[in-house]
Amino acid sequence: MIPKFAFSTLKLSCVVLISLFACSKTTIPQATPVNNVTPTLEKSPKNIILMIGDGMGLGQISAGLYANGNKSALERMEYIGLHKPYAGNKLITDSAAAATAFACGVKTYNGAIGVDMDTIAVPSILEHAESDGMATGLIATSTIVHATPASFIAHDAYRKNYEAIAEDFLKTDIDLFIGGGAKFFNQREDEKDLYQALRNNGYQVEDYFSKELEDFDFSGYEKIAYLTAIDSPIPVAKGRDYLAKASIKALDYLKQKSAEHGFFIMIEGSQIDWGGHANNTAYLLSEMQEYDRVIGEVLDWSQADGETLVIVTADHETGGFAIQKESTMDSIVGAFTSDYHTGTMIPVFSDGPMASEFKGIYENTAIYDKMMKALSLSN
Ligand code: MG
Ligand code: ZN
């Protein structure tokens, strides 16, 4: 047995040793860190992929998830927030005002494309990115001059001035765009040939008449324009299948092109909205399921890349869609309260560097602010 005094001595010795050690530590120059933890600021993304499911509210997302065996690629995303989608002049927004809020950071009137309440042009994040040396792209399953993509590149008082909006594509150096609406470039009422004008500006221009997307090797070309349809692309249920292919080809192309400065791209699932306007559950579900597949492929790409922030949201909900009590997971019965958009808040899913910026509840215009901050761009 150790005598009691011995134990006390041992304890005392330890205290002395620890004190000596502690003392000696304080004499070590501060340049040597006590441990390896250094204060870290969250890493900034090099690239942003903004994905907009037009009309994709929580009802649409839920129905798509159940119809897909209770799974959605959105479950792989790290943070969730909500945005308030109202417009500058109406509580219920249209896609033009909503996309202008994301693209330019201003609440504006319904029908406005990249302009404020006074119809003054406001530079978009795509234009800021472009002038900062980043590569940029737009992809849609509507025409490429439709409200959502148009608001990122064009400035027009009225969303249906499609020929004027198409001409705005020539006023930027956007590196890649893919979508429908070839007729607004090469079969125009004013008879201008914008295919030629684009070629003069360094674009490799192809369309679904000249080349399958699979056969179009983007590498080596300075800029890419691919028109997927003469007017609106067909619904996915009728055979449209380019969005996933186009998105991954575009990401590979933009990454290779922007090794130094990074890229910004917006990828739209345009026709979820059209299923809602048509009050057609099957249309809505098929578009929703395609978009979910595209989100999954984009996340495979971005998570392997590690330098890319992905944001998935919608401009607004369409149809006041709800899943009815007769539904089963395999058989969704939907009902609609409207053939137009509704005012419900909209989920925002984010993943990658600075994704945590997108949690919480905020205005739709804050998505612009947060993306600009993440890319260190200034107005
Ligand atoms: Mg749209
Ligand atoms: Zn709509």
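The values are calculated or read from the model by the stated rules, or taken from the named source; none is laboratory data. Everything quoted here is computed from the prediction, not taken from an experiment. Cβ sites come from the backbone with ideal geometry, for glycine too, and all protein chains shown count toward neighbours. SASA here: full protein model, heavy atoms, side chains in, ligands and nucleic acids out. Shrake-Rupley method; radii C 1.70, N 1.55, O 1.52, S 1.80 Å.
Points to keep in mind about this one:
- The residues of the chain expose on average 45 square angstrom of accessible surface per residue, using a 1.4 Å probe on protein heavy atoms.
- Whole-Å distance, taken between Cα centres, linking region 300-371 and region 147-212: 28 Å
- The chain: relative contact order in percent, alpha carbon pairs under 8 Å with at least 6 residues between: 29 percent
- About the centre of its Cα atoms, the chain shows a dipole size close to 1880 debye [charges on the beta carbon of Lys, Arg (+1) and Asp, Glu (-1) only; nearest 20 debye].
- With the convex hull drawn around the C-alpha atoms of the chain, the volume per residue stands at 218 Å³.
- Under 5 Å, built H, 5+ apart or other chain: amide partners of Leu82: Val348, Gly360, Ile361, Tyr362
- The angle between the Cα long axis of helix 4-26 and the longest principal axis of the Cα atoms of the chain comes to about 50 degrees, rounded to the nearest 10.
- Rounded to the nearest 20, the Cβ-based charge dipole of region 32-156 about its Cα centre (Lys and Arg +1, Asp and Glu -1) stands at 420 debye.
- Under the convention that each Lys and Arg Cβ holds +1 and each Asp and Glu Cβ holds -1, the size of the dipole of region 225-334 around its Cα centre is about 240 debye.
- Annotation for region 183-246: GluC sites (Glu not before Pro) lying in DSSP loop with at most 14 further Cβ atoms inside 10 Å of their Cβ are Glu189, Glu191, Glu212, Glu222.
- Across region 157-174, computed HN-Hα scalar couplings (Karplus, 6.51 cos²θ - 1.76 cosθ + 1.60, θ = phi - 60°) run 5, 9, 4, 8, 7, 5, 5, 5, 5, 4, 5, 5, 5, 7, 8, 10, 10, 3 Hz from first to last residue, x flagging Gly and Pro.
- A simple packing score, the average count of other Cβ atoms within 10 Å per residue, orders the peptides 332-345, 136-149 as 136-149, 332-345, with the highest score first.
- In terms of the mean number of neighbouring beta-carbon atoms within 10 Å, the peptides 355-364, 121-130 order highest first as 121-130, 355-364.
- Close amide H pairs (under 5 Å, H built 1.01 Å from N) link Thr136 with Asp175, Leu176, Phe264, residues at least 5 positions away or on another chain.
- Relative contact order (%) - criterion: Cα under 8 Å, at least six apart; region: region 169-225: 40 percent
- When you filter the trypsin sites (Lys or Arg not before Pro) in region 250-352 for DSSP loop state and at most 13 other Cβ atoms inside 10 Å of their Cβ, you are left with Lys325.
- Once the mean of 1/r is taken over each pair of separate Cα atoms and inverted, region 223-379 shows a Kirkwood hydrodynamic radius of 17.6 Å.
- FRET efficiency for Asp132 and Ala237, using Cβ-Cβ distance with R0 set to 51 Å, rounded to 0.05: 0.80
- Of all accessible heavy-atom area on region 60-196, the percent that carbon and sulfur account for (1.4 Å): 48 percent
- Amide proton proximity set for Thr143, modelled H, under 5 Å, gap of 5+: Gly180
- Principal-axis tilt of helix 365-374 within the chain, Cα atoms, nearest 10 degrees: 60 degrees
- Filtered GluC sites (Glu not before Pro), region 252-291: DSSP coil and at most 15 other beta carbons within 10 Å: Glu260
- Ordering of 65-74, 43-52, 85-94 by burial proxy (mean other Cβ atoms within 10 Å per residue, highest first): 43-52, 85-94, 65-74
- Percent antiparallel among DSSP beta bridges (both partners in the chain, rounded to 5): 30 percent
- Helix 281-305 axis versus longest C-alpha principal axis of the chain: approximately 50°, rounded to the nearest ten.
- Accessible area per residue (1.4 Å probe, heavy atoms of protein chains only) ranks Asp305, Asp315 as Asp305, Asp315, with the largest value leading.
- Karplus-derived HN-Hα couplings along region 316-331 (A = 6.51, B = -1.76, C = 1.60, θ = phi - 60°), whole Hz, x at Gly and Pro: 5, 8, 10, x, x, 6, 9, 7, 8, 5, 6, 5, 10, 4, 7, 9
- Derived scalar couplings ³J(HN,Hα) [region 244-253; Karplus, 6.51 cos²θ - 1.76 cosθ + 1.60; whole Hz; x for Gly, Pro]: 5, 4, 4, 5, 5, 4, 5, 5, 4, 5
- Note on region 84-238: Kirkwood radius taken over Cα pairs, Stokes-Einstein applied at 37 °C and 0.692 mPa s, translational D equal to 208 µm² s⁻¹.
- The value obtained for region 281-363, namely the Cα convex hull volume divided by the number of residues, is 119 Å³ per residue.
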